[in-house]
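Reviewing the structure listed below.
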Amino acid sequence: MILLDRVTKTYGIKSKPAINRISLHVEPKEFVILVGTSGAGKSTLLKMLTREEKPDSGKIIVGGIDYDDLKDSQVPYLRQKLGVVFQDFKLLPRRTVFENIAFALEIVGMTNREIRSTVPKVIDLVGLKGKEKNFPDQLSGGEMQRVAIARAVARQPKILMADEPTGNLDPRHSWDIVRLLEKINSYGTTVLLTTHNVDIVNKLKRRVITMEHGKITSDQAQGWYKQ
Ligand code: ADP
């Protein structure tokens, strides 16, 4: 579960709040789309959840963890519960598909044996069988995003946050990625997707939360979006 209660974050002293008294409740296993024009505060909201940024005020509870009680030393543990993917994939260029995913498991202390059994399963899940030895520059954009998603879900996070994951992809690859996110969601992972893609939002028929100027201006159960 994700709970935000009147969360505010301002970056500079003279700036307007990037998010302004945001309250939000997301149930486990929900699929939520976050929309809004550039600068609306979507990335800031996600950064609050990953603890990349701290709020000025308000309460955040994710998966039973109250961020007020969270010590800096516990942030890596929190991030294990959260998978994150970005528009620009953020893959390690000199590592193969297998190694990119394995690395994410190494850093959380998984044994080599566990890694060798886990990585092929997630590669299979994201549909990249046969590409294990490819380097990122030998992949299409859609495939790179699949690697990023595989890396994010390999640790079996409770929540997967995808910040504009289709921003660099053509429509066909975008839909492949969205379908993959739906599949991951169907296995019980909460998905939080930010996107500008009106077509995706309107065809998915999922909960749509619209942000404008740091506020939530609409929250629809099976929403749509008009730019
Ligand atoms: P979105 O993801 O919806 O495009 P952001 O959360 O990135 O919106 O930005 C919200 C507001 O916060 C914008 O006005 C942006 O300029 C500002 N902002 C975002 N990140 C920073 C930062 N690191 N430093 C200063 N201002 C920032």
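Suppose we keep only residues that are within 21 Å of Leu169 (Cα to Cα) and among the aliphatic types (A, V, I, L, M) within the range 74-87. Which one would you say is least open to solvent (accessible area, probe 1.4 Å)?
Filtering the range 74-87 for residues that are within 21 Å of Leu169 (Cα to Cα) and among the aliphatic types (A, V, I, L, M), the one least open to solvent (accessible area, probe 1.4 Å) comes out as Val85.
Taking only the range 93-131 into account, find how many residues are open to solvent by 70 Å² or more (accessible area, probe 1.4 Å) and in a helix (DSSP H, G or I).
Here the count works out to 8.
Based on what the data block shows, is Thr111 among the β-branched types (Val, Ile, Thr) and in contact (Cβ under 8 Å) with a residue 12 or more places away in the chain?
So Thr111 does not fit the description; no.
Every residue in the range 161-179 that is out of contact with any helix residue (DSSP H, G or I) (no Cβ under 6 Å at 6 or more places or on another chain), open to solvent by less than 30 Å² (accessible area, probe 1.4 Å) and more than 16 Å from the ligand (Cβ to nearest atom), please.
Ser174
Specify which of the listed residues (Asp5, Asp68) is more than 13 Å from the ligand (Cβ to nearest atom) and either open to solvent by 80 Å² or more (accessible area, probe 1.4 Å) or within 18 Å of the chain's Cα centre (by Cα) (or both).
Sole residue among the options that is more than 13 Å from the ligand (Cβ to nearest atom) and either open to solvent by 80 Å² or more (accessible area, probe 1.4 Å) or within 18 Å of the chain's Cα centre (by Cα) (or both): Asp68.
Look through the range 8-52, keep the residues that are among the acidic types (Asp, Glu) and open to solvent by 70 Å² or more (accessible area, probe 1.4 Å), and return whichever of them is nearest to the ligand (Cβ to nearest atom).
Once the filter is applied, the top-ranked residue is Glu52.
If only one of Lys59, Lys90 is surrounded by 12 or more Cβ atoms within 10 Å (Cβ to Cβ) and touching an Asp or Glu at 6+ places or on another chain (Cβ under 7 Å), which one is it?
Testing whether each residue is surrounded by 12 or more Cβ atoms within 10 Å (Cβ to Cβ) and touching an Asp or Glu at 6+ places or on another chain (Cβ under 7 Å) leaves just Lys59.
Could you give me the residue pairs with C-beta distances under 8 Å whose first residue belongs to the range 78-89 and is part of a helix (DSSP H, G or I), whose second residue is open to solvent by 70 Å² or more (accessible area, probe 1.4 Å) wherever it lies, and which are 6+ apart or on separate chains?
That search, which allows pairs on different chains as well, returns Gln80/Arg155.
The values are calculated or read from the model by the stated rules, or taken from the named source; none is laboratory data. Quantities reported herein were computed from a predicted structural model and do not represent experimental measurements. All Cβ positions, glycine included, derive from the backbone under ideal geometry; neighbour counts span all protein chains shown. Side chains included, ligands, DNA and RNA excluded: accessible areas come from the protein's heavy atoms. Shrake-Rupley method; radii C 1.70, N 1.55, O 1.52, S 1.80 Å.
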